[in-house]
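Everything below concerns the one structure shown next.
The values are calculated or read from the model by the stated rules, or taken from the named source; none is laboratory data. Treat the numbers as computed from the prediction; the structure is a model and nothing was measured. Ideal geometry is used to build each Cβ from the backbone, glycine not excepted, and the neighbour counts take in all protein chains shown. The protein model used for the area step is the full one, side chains on, heavy atoms only, and it has no ligands, DNA or RNA in it. Shrake-Rupley method; radii C 1.70, N 1.55, O 1.52, S 1.80 Å.
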Amino acid sequence: MQSTQISFEKLRKDFPILQRTVRDNKTLVYLDNASTTQKPNQVIDAITDYYKNHNANIHRAVYALAEEATELYEATRDKIANFIHVKNREEIIFVRGTTEAINLVAYAWGRTHIQKDDIIVTTEYEHHSNIVPWQLLTQEKGAKLEYIRMDDNGELILDDLDKYLATGKVKLVTFSLMSNVLGTITDAEKIVSKCKEYGVLTLIDGAQAVPHMPVNIEKLDCDFFAFSGHKMLGPTGIGVLWVRKSVLQTMNPFHGGGDMIREVHKYETTWNDLPYKFEAGTPNIADVIGFGAAIDYLTNLGMDNVREHEIELTNYAIEKLSQINGLTIYGTKDISKRGGVISFNFADVHPHDVAQIIDEEGIAVRSGHHCAQVLMERLNVAATSRASFYIYNTKEEIDSLINSLNKVARIFKL
Ligand code: PLP
């Protein structure tokens with residue numbers, strides 16, 4: 001579908017929350033999409049339909065409802081495989097979100113594959129969920145955690161990666177495909193190909209990338225890939241970990257319990273087939289089904305169109321923000337290297353004050369460290385304000401943001 005055929009304005013009617021007002025009857029302008037996105041009726045209805053018409057546990061009973069619930073749940077796995085270009089559905093594991101996906105890898109892969117003095121490499125612009133699990137693992141194993149630094153343009157200094165790889169001690173390189181603070185798009189193919197030269201595995205945190213641009217896992221050729229449903233129109237509490245089958249086969253289970261077993265005896269257990277070995281207990285059935293509806297919605301829009309829409313909004317926003325007195329934008333202004341996440345600060349004004357003033361106009365932006373304190377240290381700030389866009393945002397909403405930020409500049413006499 002060509003973008004000209006899609007009315008990004010019209011699709012707003014699919015999102016009930018966008019019709020409401022906040023703070024003294026102000027129209028809601030929701031610009032905190034990097035945090036979580038709003039949900040269309042199609043997703044809300046899919047969840048309601050499951051509870052009203054198909055509610056049963058999956059994979060177990062043979063009665064009609066159980067079969068229907070299982071089919072709906074498993075259909076989402078196939079939708080995801082198509083969406084991210086994965087041939088083998090056994091490689092797709094449902095988890096609570098990106099955080100759980102990365103912790104699963106650190107626990108179920110890391111505990112058997114990482115030894116004393118090994119090195120895990122991450123980057124300076126990671127979310128805490130791609131730092132803390134590796135701190136826990138390397139501290140437990142006596143291994144090392146190293147960082148690829150970031151330059152002043154918000155891009156990674158890949159010479160650092162070369163230096164670490166040359167030690168021969170690196171076992172895993174882990175990085176986000178798009179920064180949740182700067183919007184920088186990482187040159188993943190370059191990193192993965194460098195790692196492959198040394199036989200080093202790669203994990204990609206796709207939490208900010210999968211919702212906003214086409215992602216092809218076959219092409220990326222990494223070993224682990226994680227993302228969250230709630231950042232791409234889906235419900236909270238559901239996400240995906242993809243692992244290359246040859247790597248998955250070397251991993252122990254994460255959680256033990258129902259559904260992940262084949263046979264349980266008093267003192268030993270054998271495991272279920274992939275991916276069920278990694279999905280213990282009753283899963284989040286309703287939200288997996290809701291996630292399937294979100295994937296359908298985005299598939300119908302076309303991810304090239306989603307990216308194009310966000311490029312248009314981001315270009316427009318950067319141009320307008322650049323004209324505001326005293327405002328600094330972090331990261332690259334080269335749109336080919338960034339997504340629709342814009343972090344900024346006013347000289348000496350605390351980002352919480354900025355967020356509060358513009359909240360009076362009904363505008364929701366995030367202020368704080370964005371779960372990226374290592375990056376805040378690198379930028380030498382305690383916090384930033386962050387506006388982040390999605391399919392339902394419009395240029396008029398960006399104009400409202402700009403007007404309210406001009407008000408901030410006036411209040412603080414910048
Ligand atoms: N990684 C990145 C880049 C993120 O932006 C986020 C959430 O903001 C996460 C990981 C964690 O995702 P979740 O909270 O859905 O587990």
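Observations on the model:
- Around residue 96: net Lys/Arg minus Asp/Glu count, Cβ-Cβ under 14 Å: -2
- Rounded Å value of the spacing that divides the Cα centres of segment 1-78 and segment 301-316: 21
- Accessible solvent surface per residue of the chain, calculated while the other protein chains remain in place, 1.4 angstrom probe, Å²: 43
- Expressed in units of 2.2 N^0.38 Å, where N is the residue count, the Cα radius of gyration of the chain is 1.02.
- As a length-normalised measure over Cα pairs under 8 Å and 6 or more apart, the relative contact order of the chain settles at 23 percent.
- Extension gain for residue 333-residue 135 works out to 68.1 nm (0.36 nm per residue, less the C-alpha to C-alpha distance).
- Ordered from highest to lowest accessible area with the whole protein assembly present and a 1.4 Å probe, 262, 410, 378 read as 410, 262, 378.
- Across the accessible surface of segment 88-152, with the other protein chains kept in place and a 1.4 Å probe, carbon and sulfur atoms take up 45 percent.
- Label point distance in nm, residue 245-residue 394, each placed 7 Å from Cα along Cα→Cβ: 4.8
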